[in-house]
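Engineer: Quick one: this structure, given as structure tokens, is what I'll be asking you about.
Since every read-out is calculated from the coordinates, none of them should be taken as a lab result. As the structure is a computational prediction, the values presented were derived from the model and not from experiment. Here the Cβ positions follow ideal geometry from the backbone for every residue, glycine too, while neighbour counts run over all protein chains shown.
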Amino acid sequence: MASRANHPILLGCGLLCAAALLCTPSAAQAPAYQAPPAYQTPLYQGPAAIPSPGAVSSFPIASDARLAGDAKQTRFILDLDKPVQFRAFTLADPYRVIVDLAQVNFQLPAAAGAAGRGLVKAFRYGLVMPGGSRIVFDLTGPAKIAKSYVLEAANGQPPRLVLEFEEVDRTAFVQSLAPENRPELRPGIAEANAAVARVDAPAAPATPTDKRPVVVIDPGHGGVDNGTQAGGGDIMEKNLVLGFGLALRDRIEKSGKYRVVMTRTDDTFIPLGDRVKIARNESAALFVSIHADALRRGEGDAQGATIYTLSDKASDSEAERLADTENKSDAIGGVSLADEPTEVADILIDLVQRETKTFSNRFARMLMGEMKTTVRMHKHPLKSAGFRVLKAPDVPSVLVELGYVSNKGDLEHLVSENWRNRTVGSMAQAIDAFLAKRLATAGPGK
């Protein structure tokens, strides 16, 4: 194991990382209807985001978008051929307004959104997932959503989505956010999640003096990011993996040996960088991210569970494709990947120590050994790729794809409580075996 003398370096990296990416949506919600804007680059380019030509024709059409007003009050208007439902909220640092709405066929002028006006520097729009579109407004400074509504067609004018922004000062803007999203008031992510764990698991309370090893369980996706979908969209990855993660937490906590921290315990969007920070802030002994994969129609069939570790170079094209898809999660959530300074990303990559990689690979092999006795595994069950969520430099981390929702047999397993209980049991055994061996070699100090 690495000397604890390295910890100040890693802590410094963690502080840089913590400052780089922290923006979870607040709930300044709008009324019942909404629709999105446009920009040259879509917000999501994953395989499931490509609808058939017939499906596109049935979506509401956005034909024009425009801004009016000044630096005190600015109005955005989107022309539609039919009303759509929407939700609008604000984000800080940088200042943005996000509008989520039902899937829209954008037929806006090519330059729409590139130039701003008043409180809006620019806006972009696109598909964020099958059935959902998004408009992201980059603001010139703090502003609030004064009004948001849809006008029905009248007097020869089409239905319109209207947002009215008003300038506010920083204090008023921060106070308009949900408490957990206020930049100056936000508690440490680790403390917040530890508090959730204490409420959810009274039998194993977490205290400041709790020296038990910490296991971080990360149910992938959440909130606006549904992940993969099956059954006509009724079965969402984010719900499957959340249920699995909570069951795994309960099983691990029964032993009383470990403290478990969840990156999310409900349908909340957590940026990828914040998931990593939760593990690092908790000095976690292990980080396990839970997902379920899917192949696009026409790409063949695949089945079984797969265990991924971090690598700068993907082990195969499928691993690379999956990592690219998962790494787009922040774009779906309205987080600009460009907001993270290059030097921070470089430090994270450089500090992924050889020792941590070794422990991650060792746990992956142990996990495969346990899971293969109870779970159908992929024909190549151990893979590696550049998953951002695995990039904690000092925390052994794996990403587990429980199966493919695009495969009928795997989907039947994923929704089966009996299968989940068996799989949770095998994963809990692997976690216990790995941590027991590591603690025996390293001693309680780690």
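Engineer: Quick one: which residues, 5 or more positions from VAL120 or on another chain, have an amide H under 5 Å from its amide H? H modelled 1.01 Å from N in the peptide plane, none for Pro or chain starts.
Structural biologist: Those qualifying (amide H under 5 Å, at least 5 residues apart or on another chain) are THR140.
Engineer: Further question on the same structure: Would you list, by chain and number, the lysines whose Cα falls below 21 Å from the Cα of LYS379, excluding same-chain residues fewer than 8 positions away?
Structural biologist: The reachable lysines, counting only those whose Cα sits under 21 Å from LYS379, are LYS313, LYS408.
Engineer: So, one more: Around ALA62, which amide H atoms from residues at least 5 apart in sequence, or from another chain, sit under 5 Å from its own amide H, with H modelled in the peptide plane?
Structural biologist: Hits under the 5 Å cutoff: ASN105, PHE106, GLN107.
Engineer: Can I ask one more? Sort 368-381, 277-290, 209-222 by the packing proxy (mean of other Cβ within 10 Å over each peptide's residues), most packed first.
Structural biologist: My ranking of the peptides, most packed first, is 277-290, 209-222, 368-381.
Engineer: Let me ask something else about it. Each residue of region 216-228 in turn: what ³J(HN,Hα) in whole Hz from Karplus with 6.51, -1.76, 1.60 and θ = phi - 60°, glycine and Pro shown as x?
Structural biologist: Calculated HN-Hα couplings, in order: 9, 9, 10, x, x, 6, x, x, 5, 8, 7, x, 6 Hz.
Engineer: Shifting gears a bit: Grab the alpha carbons of region 222-287, take their convex hull, and tell me the volume per residue in Å³.
Structural biologist: In region 222-287, the Cα hull volume divided by residue count equals 85 Å³.
Engineer: What lysines sit close enough to LYS257 to cross-link, taking a C-alpha to C-alpha distance under 30 Å and skipping anything fewer than 8 places away on the same chain?
Structural biologist: Straight-distance partners of LYS257: LYS211, LYS238, LYS277, LYS357, LYS372, LYS383, LYS391, LYS437, LYS446.
Engineer: What order do you get for 420-428, 252-260 when each peptide is scored by the mean count of other beta carbon atoms within 10 Å, highest first?
Structural biologist: Per-residue mean Cβ counts within 10 Å order the peptides as 420-428, 252-260.
Engineer: Then there's this: Give me Rg over Rh for region 82-155, both radii from the alpha carbons and Rh done the Kirkwood way, two decimal places.
Structural biologist: Across region 82-155, the Cα-based Rg/Rh ratio is 0.97.
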